[in-house]
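The values are calculated or read from the model by the stated rules, or taken from the named source; none is laboratory data. These numbers were taken from a predicted model, which means no experiment stands behind them. FYI the Cβ positions are ideal-geometry reconstructions off the backbone, even for glycines, and counts take in every protein chain you see. The area values use the complete protein model at the heavy-atom level, side chains included, leaving out ligands, DNA and RNA. Shrake-Rupley method; radii C 1.70, N 1.55, O 1.52, S 1.80 Å.
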Amino acid sequence: IGLIEDNRTAMLTELNSWDPDGYTPISETLYEATQYFRGDRVYFGGGADATAYPSAFSKSDKFTSNPNGDTPSVTASRNSADKRLYDSPADQDCQKNFIVFLTDGLPTADNEANTPIESLPNFASVTGNAGCDGTESNGKCADDLSKWLHESDLRADRPGVQNVTSYWIGFG
């Protein structure tokens with residue numbers, strides 16, 4: 001997380017290095033971002049070393065828990081007192097929070113977070129569905145989770161409402 005002016009070159013270099021190969025876990029990635037904004041348990045971001053970087057869902061699959069080879073979720077994003085938790089950036093009651101989601105296409109290999117997404121607090125009442133309403137198993141929770149992020153208070157422990165607005169950019 002940082003100012004685009006300070007990170008533009010690094011971001012463009014990173015984007016240009018990507019080689020899309022078919023795995024597009026949109027709902028799973030959005031769920032991990034949800035956990036980050038809530039200051040909740042690291043789910044897919046445990047990486048290969050689950051002891052140093054514990055997560056609730058730790059496997060060696062490079063497309064989920066270990067997306068950057070041997071690098072788990074960014075260490076600085078962890079709670080300093082409990083590395084199993086994220087340190088939420090949503091701390092102020094007047095603060096705006098955004099997710100700009102860049103994707104190389106439609107979701108694939110994207111159904112391992114459906115149950116935890118549907119178990120989020122007040123998920124059914126916020127989305128109007130008992131579960132995710134997508135028609136395909138891959139990515140069926142992305143739109144419901146986006147709605148939940150925008151219409152829910154992610155940090156009941158903080159004054160005001162901390163929510164997230166999502167923007168989506170599809171490259172392919």
Tally, over the stretch 37-52, of residues that are modelled with pLDDT of 70 or more and of a type in the set (S, T, Y):
1
Checklist (1) open to solvent by less than 60 Å² (accessible area, probe 1.4 Å); (2) modelled with pLDDT of 85 or more; (3) of a type in the set (A, V, I, L, M, F, W, C); (4) over 15 Å from Y36 (Cα atoms) applied to L120, failing item:
(4)
Take the conditions open to solvent by 40 Å² or more (accessible area, probe 1.4 Å) and in contact (Cβ under 8 Å) with a residue 40 or more places away in the chain and apply them to C94. Does it pass?
yes
Quick one: which residue in D87, D104 is within 18 Å of N163 (Cα to Cα), among the acidic types (D, E) and surrounded by 14 or more Cβ atoms within 10 Å (Cβ to Cβ)?
D87
Positions within the stretch 123-132 being part of a loop (DSSP other than H, G, I, E, B) and open to solvent by less than 80 Å² (accessible area, probe 1.4 Å), in sequence order:
G128, N129, G131, C132
Expected single match for buried (at least 20 other Cβ atoms within 10 Å of the Cβ), in a helix (DSSP H, G or I) and acidic (D, E) among E28, E14 is E28
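Of all residues in the stretch 139-172, count the ones that are open to solvent by less than 50 Å² (accessible area, probe 1.4 Å) and of a type outside the set (A, V, I, L, M).
12
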Can you tell me which condition A76 does not meet? The list is (1) touching a residue at least 12 places away in the same chain (Cβ under 8 Å); (2) more than 13 Å from R155 (Cβ to Cβ), and all the others hold.
(1)
Answer yes if at least one residue in the stretch 142-151 is in a loop (DSSP other than H, G, I, E, B) and either closer than 22 Å to D40 by Cβ or not β-branched (V, I, T) (or both), and no otherwise.
no
